[in-house]
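A.B. asks: What follows is a structure written as structure tokens; I'll ask about it next.
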Amino acid sequence: MSATQPDPQQRTADSRRRVTDTIRSNRLAQVGVVVVLSLVVTAVFGPLVSPYDPVEQNLTHQLEPPSPTHPLGTDQLGRDVLTRLLYGARLSLGIAVAVTGVRLVVGTAVGLVAGYAGGWVDEALMRLVDTLLAFPGIVLALVIAGVLGPSLVNVMLALAVVGWASYARLVRSNVLALRNREFVTTARLLGRSRTHVVVRHLIPNVVAPVVVLATLDIGGVILGTAGLSFIGLGAQPPTPEWGTMLASGRTYLQQAWWLVNAPGVCIMITVLGFNLLGDSLRDVLSPTQSAHMEQL
């Protein structure tokens, strides 16, 4: 191994130590970690301990205010709001992770190919990326979801299509900076295949900025899913999704404030938590990428 390339295990250990030290010393990072962990625990275990069904109607308990029986009240159909929020957390987190995963895989693959191959391949792929980035993401997702029809699957597809370009541009910029480094040149001179160079030398060096972008992206996907569901293109009633709950509760805003406030606060806190965590990871794992990340 070339002396100019750090040992992968040592690099991983150093990154973990820096992340741990940053979380211990940065209160905003601690808040982000607490929020994200709380969301994960809530999504996994919350629905298991709730005594109510998220979709079963009970018209004798319509629009009841918060009480010991229903801590966040009930909605216009007598359903427990807290239970629906718990199921909505599982749904929102699952969608966000799935969409972000698709964006990450597709965007990283395109960025690696474009950056390492160069030439007309790079030019063609980057023009496609530029075309996607020329449109506001939420507007393009709105068009795609509107054409495909209202459903959660179509919303996930729309958000995945419009989001991978940022990963491609980020990965490509890193590959362009790395492909002429000594350890990559040495690997090529030793007769290593392109696959070996990409897997052994390029991918480990682009993981950090990609992880940072993905962490920040999860909050954006949750917000985008809720927004598209709010206007009727995403989850359809009676699915307990936060955006759908906001849409159905706005009619009763004056007489039942908790119907809108509860899912709204959940969305706000969740997005804030992932943004705080992502910012902290960016400062630790990829401080030189801050300018690039802000442009995406």
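The values are calculated or read from the model by the stated rules, or taken from the named source; none is laboratory data. This one's a predicted model, so the numbers in the text were calculated from it and none came from an experiment. Here Cβ is always computed from backbone atoms with ideal geometry, including for glycine, and neighbour counts include all displayed protein chains. Accessible surface areas use protein heavy atoms only, side chains included; no ligands, DNA or RNA. Shrake-Rupley method; radii C 1.70, N 1.55, O 1.52, S 1.80 Å.
A.B. asks: From Leu142, Leu148, Leu133, Leu72, which residue is free of Cβ contacts under 8 Å to residues at least 12 places away in the same chain and on the phi < 0 side of the Ramachandran plot? Lay out the reasoning, then the answer.
C.D. replies: Working: Leu142 fails: free of Cβ contacts under 8 Å to residues at least 12 places away in the same chain; Leu133 fails: free of Cβ contacts under 8 Å to residues at least 12 places away in the same chain; Leu72 fails: free of Cβ contacts under 8 Å to residues at least 12 places away in the same chain.
So the residue among Leu142, Leu148, Leu133, Leu72 that is free of Cβ contacts under 8 Å to residues at least 12 places away in the same chain and on the phi < 0 side of the Ramachandran plot is Leu148.
A.B. asks: Residues of the stretch 248-263 being open to solvent by 30 Å² or more (accessible area, probe 1.4 Å) and of a type outside the set (A, V, I, L, M, F, W, C), which ones?
C.D. replies: Ser248, Arg250, Thr251, Tyr252, Gln254, Gln255, Asn261
A.B. asks: Cβ contacts < 7 Å: first residue farther than 24 Å from Phe274 by Cβ, restricted to the stretch 188-216; second residue in a helix (DSSP H, G or I) and β-branched (Val, Ile, Thr), any location; separation 6+ or different chain. Result?
C.D. replies: Close Cβ pairs (under 7 Å, with a partner that is in a helix (DSSP H, G or I) and β-branched (Val, Ile, Thr)) amount to Arg188/Val197; Val197/Val184; His201/Val184; Leu202/Val175.
A.B. asks: Quick one: which helices (runs of 4 or more DSSP H) sit completely within the stretch 189-257 and have at least 3 residues that are of a type in the set (S, T, N, Q)?
C.D. replies: 203-230
A.B. asks: Here's a follow-up. What tally of residues in the stretch 125-154 results from selecting those that are of a type outside the set (Lys, Arg), exposed (fewer than 12 other Cβ atoms within 10 Å of the Cβ) and within 28 Å of Val197 (Cβ to Cβ)?
C.D. replies: Summing the residues that are of a type outside the set (Lys, Arg), exposed (fewer than 12 other Cβ atoms within 10 Å of the Cβ) and within 28 Å of Val197 (Cβ to Cβ) in the stretch 125-154 gives 1.
A.B. asks: List pairs: first residue in the stretch 13-41 and within 16 Å of Gly273 (Cβ to Cβ), second residue at pLDDT 90 or above and of a type in the set (Phe, Trp, Tyr) anywhere in the structure, Cβ distance under 8 angstrom, at least six positions apart or on different chains.
C.D. replies: Gly32/Phe274; Val35/Phe274; Val36/Phe274
A.B. asks: Do we have any residue at all in the stretch 88-107 that's of a type outside the set (D, E, K, R), open to solvent by less than 60 Å² (accessible area, probe 1.4 Å) and assigned to a loop (DSSP other than H, G, I, E, B)?
C.D. replies: no
A.B. asks: Which condition from (1) within 30 Å of Leu91 (Cβ to Cβ); (2) in a helix (DSSP H, G or I) is the one that Asn174 breaks?
C.D. replies: The single condition Asn174 does not satisfy is (1).
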